[in-house]
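Take a look at the structure set out below.
What follows draws every value from the coordinates through simple rules; no lab data is involved. Treat the numbers as computed from the prediction; the structure is a model and nothing was measured. Note that we place each Cβ from the backbone using ideal geometry, even for glycine, and neighbour counts take in every protein chain shown.
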Amino acid sequence: MRSGTGEEADYRVQRLTKFGDPVPLTLLGIDLDTSAFGTLKDVRPHRHP
């Protein structure tokens, strides 16, 4: 989703990804490796982000 243009543009993206799955960062041309990310103990998964 984008609002505005040029330097005034505001880009917002929501992406749900499981821990351990790579996250593509298209603007940087890389995939973020999330395999080292952890979760907090006793935290209940959210139904909606």
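General remarks:
- Likely footprinting exposure, Asp31, Asp10, Asp42, fewest C-beta neighbours within 10 Å first: Asp42, Asp10, Asp31
- Considering only Thr39, Thr5, Gly29, and ranking their Cα positions along the charge dipole of the chain that arises from unit charges at the beta-carbon of Lys, Arg, Asp and Glu, the one farthest toward the positive end is Thr39.
- For the chain, the Kirkwood estimate of hydrodynamic radius, built from reciprocal distances between every pair of different alpha carbons, is 13.5 Å.
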